[in-house]
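Read the structure below first, then the notes.
The values are calculated or read from the model by the stated rules, or taken from the named source; none is laboratory data. Given the structure is predicted, the values throughout are model-derived calculations rather than measurements. Heads up, the Cβs are rebuilt from the backbone with ideal geometry, glycines too, and the neighbour counts pull from every protein chain shown. Areas reflect the complete protein model, heavy atoms only, side chains present, ligands, DNA and RNA absent. Shrake-Rupley method; radii C 1.70, N 1.55, O 1.52, S 1.80 Å.
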Amino acid sequence: GPLRMSLGSLGVLDDLELIEMPDLYSVSMPDGFRITLKPDKDQVISELEEKFPHEKEAIHKFFDLAYKYANQMLGAFVLYEYAFKPAGEVLDDIFSDPLLKAVLSVYWGYIGLPPNRISFAYLAMLFFVYIEFKPFHINGGSQALSNAITNRFLSHGGTARFNCGAKKIIIENGAVKGVITENGDRIAAKYVVSNASQVTTYARLIGPEHVSETVFREMGGRSLSTSAFTMFVGFDCEPGEVGITETTNFLLQNVAATDIVLDRMKRVDISDDSMLLSCYDVADPDFSPPGTCQASIVALKYGKPWLSIPPTRYHKAKFRCAESMLRRVEDIFPNVRGHIEELEVATPLTHMRYLGHPDGAIYGFEQYTRDSMFFQPGRYSPIEGLYFASGWIGDCGFQPTLQAGMAAAKSIIKKLSAD
């Protein structure tokens, strides 16, 4: 949908192979419950009606509301009653079955907060976009997207430096003057676009002496998003041999209240956490060599508890959680352990190290209803010439991050034209 249009405007679509995924997602529980939804509105409704016949009228009401809201939002006319209403409240108003509410709210994991903490707008738009525009996978993964954009940038005369971090953004008289790299090179520049968090940019790359109190006060009013405990697994078989028949699999242990879900995310240990298992080999048989497949399993975890673990106990905690996660996967797919060929684990500290994000936050600032798309602070900085382009500005995810970069670029081009 909108992401495809953005990629088209950048001129990189011809360099990408997009593979359509046949499913929206499946939800599985250890008691044998399983439901698979396809990217087709009628199929979604009929499948839900079959599993939850006592909620038939409510199911129609929910999707009528979600579609009405999404269409009006795309047309810039918003049902504000629902724009500012938490998704959990809307689900509670419409449904009585807690399992059905859990099935319909699993997309909250893509935002990083449970249903009672995010705007209904996100849930409605996610269903509408994935059903109507279909879910797609990029052949070669996200690296293929990065390569395509970089190649386009280079073809227009751009210069890219790899394995070279920025150490300092030079500020003089409230304006950007350039960047000092970690190698000590000084690069003069009138404009700088930072894809680091505002926290890192202002506190480390610039320094408090160049930043107004207002900026720090605004950041202080927001909280860091969750990080993740992630397991990357390589199997010596095709996905169907271990029972993985959908690309996107939400694994639920039970149906829990929002406060319980948040409590789980703030614990180090993994027990009854909700998890997401993704296996792109299902939709893309060439994703792995013949006779093999790979999966990533994610449980959302805040980074702060991991920061308090003494270094001498870190690896023990890491592998204890990995074993717990693997057992949870075995509850749904009993034969996976015997087919594991490679396994790598990433904790919130791993994500912090690779991303450079405070606490390893993978979704930037938390997207509470009060901080939703309707109240975003914008990608501009009071420092002249400084722009932001990342999941820390506006909403998080592939599409919003890409559009944040495009918006920053357009703003700079406009400035250059005026100069």
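Things to note:
- Using a cut-off of 28 Å between Cα atoms, the listed pairs Lys41/Lys85; Lys101/Lys301; Lys38/Lys68; Lys68/Lys304 include Lys68/Lys304 as exceeding that distance.
- Charge context of Ser142, other residues only, Cβ under 15 angstrom, K/R +1, D/E -1: -3
- Accessible-area value, Lys85, 1.4 Å probe, nucleic acids and ligands omitted, Å²: 40 Å²
- The rule of thumb for compact globular proteins, 2.2 N^0.38 Å, goes into the C-alpha radius of gyration of the chain 1.02 times.
- Cα centroid of the range 202-276 to Cα centroid of the range 103-139, whole Å: 15 Å
- For a straight C-alpha distance cut-off of 13 angstrom, the aspartates and glutamates reachable from Lys167 (same-chain residues fewer than eight places away being disregarded) are Glu182, Asp185.
- In the context of the full set of protein chains, residues of the chain present 48 Å² of accessible surface per residue (probe radius 1.4 Å, heavy atoms only).
- Mean ellipticity per residue at 222 nm, deg cm²/dmol - from DSSP H runs of n ≥ 4 across the chain, formula -39500 (n - 2.57): -11500 deg cm²/dmol
- Within the listed set Asn163, Asn139, Asn116, the residue fluctuating most in the Gaussian network model of the chain (springs between alpha-carbon atoms under 10 angstrom) is Asn163.
- The packing ranking of peptides 287-297, 207-217, 242-252, highest mean first, is 242-252, 287-297, 207-217, where packing means the average number of other beta carbon atoms within 10 angstrom of each residue.
- Computed from label points 7 Å out along Cα-Cβ, the spacing between Arg204 and Ser296 is 2.1 nm.
- Carbon/sulfur fraction of accessible area - the chain, other protein chains in place, 1.4 Å, %: 53 percent
- Using a simple spin-label model with pseudo-atoms 7 Å out from Cα toward Cβ, Asp92 and Ser417 lie 4.9 nm apart.
- Largest accessible area first, the residues Asp40, Asp286 order themselves as Asp286, Asp40 under a 1.4 Å probe with ligands, DNA and RNA left out.
- The range 106-123 - phi-based ³J(HN,Hα) in whole Hz, Karplus 6.51/-1.76/1.60, Gly and Pro as x: 4, 5, 4, x, 6, 9, x, 9, x, x, 6, 10, 10, 5, 4, 3, 5, 5
- Note on exposure: Ser274, Ser308, Ser26 ranked by accessible area (1.4 Å probe, complete protein assembly) read Ser308, Ser274, Ser26, with the most exposed listed first.
- Model label sites at Lys316 and Ser271, defined 7 Å from Cα along the beta-carbon direction, differ in position by 1.9 nm.
- With R₀ fixed at 60 Å, the C-beta to C-beta distance from Arg217 to Glu241 puts the FRET efficiency at about 0.60.
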